[in-house]
Amino acid sequence: MMWKTAAFSGWGRLPYGTSQATRPERFGQLRAAVTGSGAGTLIARGLGRSYGDCAVNEGGRLVLTERLDRIVSFDAGTGDVVVEAGISLRSLLDIFLPRGFMVPVCPGTAYVTVGGAIANDVHGKNHEKDGAFGAHVRWFELMLASGEIVRASRDSDTALFDATVGGIGLTGFIVTACLRLARIPSNALIVRERPVPDLDALLAKLHEEASATYSVAWFDALASDGSLGRGIVETATVSPTNIQVKPRKPKSLPVTPPSLVLNSISVRAFNALYRARVPANGREKLLDYDRFLFPLDSVLGWNRMYGKRGFRQFQSIVPAAALVPLLERIGRSRAGSFLAVLKAMGPAGTGMLSFPTAGYVVALDFPNKSGIVELLSDLERITLEHGGRVYLAKDSCLSAQGFAAMYPRLPEFLDVLERVDPKRRLGSNMSRRLGIRGGTP
């Protein structure tokens, strides 16, 4: 195998880590990469959309999986599709959406691999109704650090299955997976937007719209006092009829703007304009799945808009009682986040380190500037005090102590790792930062 030295980061463009990297195109090459000699630990990396450091491995090795991207089989009767783990959700949607099948759970971008979606147990705007990605995985084949390939499902080696779903790549390399696609009547969604004046109204509207297929709220992160939590609630249900879809032509961000462009003044102006676009009595429109589910995919490299210093996302799930202290602390920071999202979530899945569970998700992007790490530490504390947890796929700052307290099934997870990787050959910046197995690259 050919290995090259390069610097890699998460989607937030920090932290960077220098690693040896290889890009296999066949399973034999993957096994050679996994079992061959070399310095440091190994971890898989797909399309690099995890925001933090779960696919960064300073001083170690990365196996880039995006060329292991073939479709193995498809059963139109059940919707079951068997794929190599490097295939992207973008490719699956392009192939199957015109045929009346939908990837049942999609995060905020289609540019993630199936392996990455499983390893982070990603969720979307329909978690309250359909659960997380892992709920729709029938089985997968996993290459262990030894090179052995094993199959896991809910009926066979359930401990390995539950450790891998949400396990941030530490159990092995997903080779193939069987997903059950959802049959849909059309390519369109009926989207409704309603403005809300405060947090109570926002939560009431989300509860009122709980039967919708998709639901999400944007909130003004700079609002305070009586306007705390004001925003827009957006819901969508499947349209019975198709619409004409114009192909999207993603635009590139022409330059990386200065970090100073995003500040409380510019964000306040953006928030006012964003609220004003929806009339007081709301509005309704027909949208194709792409434009509703992946609005940011229309701008290639949008992560550069935060400047050269990058950005950090905070995303946690908490009970309703934690929302006011979280939003108040965010508002006091004046940190300049215009991407501020709140979602209602459904029951937890079976993944030992899976993030989703019942409660409310709060997600915000912050420019990486002075005071942000301290802000995220405060938000971690508030989350922990209310029995919540931080989303590892988006994290770059969570403490090892906070992680252990937030994920009570960690001991089970560690037991599985000792069984499938006793020599501790798999690891990442995140696994070391969180103290999952300790050690050096």
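Read-outs throughout are calculated quantities, based only on the coordinates presented, and are distinct from any laboratory measurement. Values in this document were obtained by computation on a predicted structure and should not be read as measured data. Virtual Cβ from ideal backbone geometry, glycine too; neighbours counted across all protein chains shown.
Could you compute Rg(Cα) / (2.2 N^0.38 Å) for region 124-254, with N its residue count?
Against the empirical 2.2 N^0.38 Å value, I get 1.45 for region 124-254.
For the chain, with only Lys/Arg (+1) and Asp/Glu (-1) charged at the beta-carbon, what is the dipole magnitude about the Cα centre, in debye rounded to 20? Can you show the working numbers first?
Numbers: 53 positive and 40 negative charges, 275 e Å.
Dipole size: approximately 1320 debye.
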Treat the count of other C-beta atoms within 10 Å as a stand-in for reagent exposure and order 294, 27 from fewest to most. 27, 294
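Taking 0.36 nm per residue of sequence separation and subtracting the Cα-Cα distance, how much length would be gained by fully extending the chain between residue 208 and residue 80, in nm to one decimal? Walk me through the numbers on the way to the answer.
Values: separation 128, 0.36 × 128 = 46.08 nm, distance 3.31 nm.
Taking residue 208 through residue 80 to full extension adds about 42.8 nm, to one decimal.
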What does the charge add up to near residue 190, with Lys and Arg as +1, Asp and Glu as -1, over the other residues with Cβ less than 11 Å from its Cβ? +1
Counting every Cα pair in region 218-355, what percent are over 26 Å apart? 39 percent
Longer than 22 Å from Cα to Cα, which of 125/369; 125/205; 249/394; 4/249; 125/285 are they? Say none if no pair is. 125/369; 249/394; 4/249
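Using 1/(1 + (r/R0)^6) with R0 = 45 angstrom and r between the beta carbons of residue 321 and residue 94, what's the FRET efficiency to the nearest 0.05? Could you put the intermediate results ahead of the total?
Values: r = 43 Å, r/R0 = 0.95.
It comes to 0.60.
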Return the distance in nm (one decimal) between the two label points of a simple spin-label model at residue 67 and residue 243, each offset 7 Å from Cα along Cα→Cβ. 3.9 nm
Count charges around residue 284 for me, please; just the other residues with Cβ under 9 Å from its Cβ, Lys/Arg as +1, Asp/Glu as -1. +2
Region 167-186 residues near the modelled residue 149 label - backbone nitrogen below 11 Å, point 7 Å along Cα→Cβ: 175-177
Of the residues 175, 164, 92, the Cα lying farthest along the dipole of region 71-184 towards its positive end, which is defined by charges on the beta carbon of Lys, Arg, Asp and Glu, belongs to 92
At a 10 Å Cβ-Cβ cut-off, how would you order 228, 379, fewest neighbours first? 228, 379
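Out of all DSSP beta bridges with both ends in region 1-140, state the antiparallel percent to the nearest 5. Intermediate results must be reported in sequence, preceding the final value.
Numbers: 10 of 17 bridges.
Looking only at bridges with both residues in region 1-140, the antiparallel portion is about 60 percent.
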Let me know the volume per residue of the alpha-carbon convex hull for the chain, in Å³. 136 Å³
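Can you give the helix-only mean residue ellipticity at 222 nm for the chain, where every DSSP H stretch with n ≥ 4 adds -39500 (n - 2.57) and the sum goes over all residues, rounded to the nearest 500 deg cm²/dmol? Don't skip to the end; give the middle numbers.
Values: 13 runs with 110 residues, N = 441.
It lands at -7000 deg cm²/dmol.
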Report the per residue volume, in Å³, of the convex hull enclosing the C-alpha atoms of region 335-396. 89 Å³
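Fewest Cβ neighbours within 10 Å first, please rank 316, 264 accordingly. Don't skip to the answer; put the middle values down first.
Numbers: 316 28, 264 14.
The most exposed by this proxy come first: 264, 316.
Kindly give Rg over Rh for region 1-126, based on alpha-carbon atoms, with the Kirkwood expression for the hydrodynamic radius. Mind dumping the intermediate values first?
Numbers: Rg = 15.6 Å, Rh = 15.5 Å.
Taking Rh as the inverse mean 1/r over Cα pairs, Rg/Rh reads 1.01.
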Lys and Arg at +1, Asp and Glu at -1: neighbours of residue 332 with Cβ under 13 Å from its Cβ sum to -2
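Tell me whether region 21-70 comes out rounded, prolate or oblate; compute the Cα gyration tensor, take square roots of the eigenvalues as a ≥ b ≥ c, and use a/c under 1.5 as the rounded threshold. Before the final figure, lay out each step's value.
Values: a/c = 3.14, a/b = 1.12, b/c = 2.81.
Verdict is oblate for region 21-70.
How many percent of the alpha carbon pairs in region 282-438 exceed a separation of 24 Å? Don't jump to the answer; show the numbers that get you there.
On the way: 5313 of 12246 pairs.
Taking all Cα-Cα pairs of region 282-438, the fraction more than 24 Å apart is 43 percent.
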Could you run the Karplus curve 6.51 cos²θ - 1.76 cosθ + 1.60 with θ = phi - 60° over region 303-317 and give me ³J(HN,Hα) per residue in whole Hz, x for Gly and Pro? 5, 7, 5, 8, x, 5, 7, x, 8, 10, 9, 10, 9, 9, 10
Using alpha-carbon coordinates, inclination of helix 410-420 to the longest axis of the chain, degrees: 30 degrees
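Report the gain in length on full extension from residue 377 to residue 18: 0.36 nm times residue separation, minus Cα-Cα distance, nm rounded to one decimal. Walk me through the numbers on the way to the answer.
Numbers: separation 359, 0.36 × 359 = 129.24 nm, distance 2.64 nm.
Length difference between fully extended and current span is 126.6 nm.
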Angle between the chain longest axis and helix 264-276 axis [Cα atoms, degrees, rounded to 10]: 70 degrees
In Å³ per residue, the alpha-carbon convex hull of region 71-184 encloses 99 Å³
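Relative to the present Cα-Cα distance, how much length would full extension add between residue 225 and residue 4 at 0.36 nm per residue of separation?
Numbers: separation 221, 0.36 × 221 = 79.56 nm, distance 5.34 nm.
Length gained, residue 225 through residue 4: 74.2 nm.
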In a GNM of the chain with a 10 Å cut-off on Cα contacts, which of 40, 86, 134 has the highest mean-square fluctuation? 40
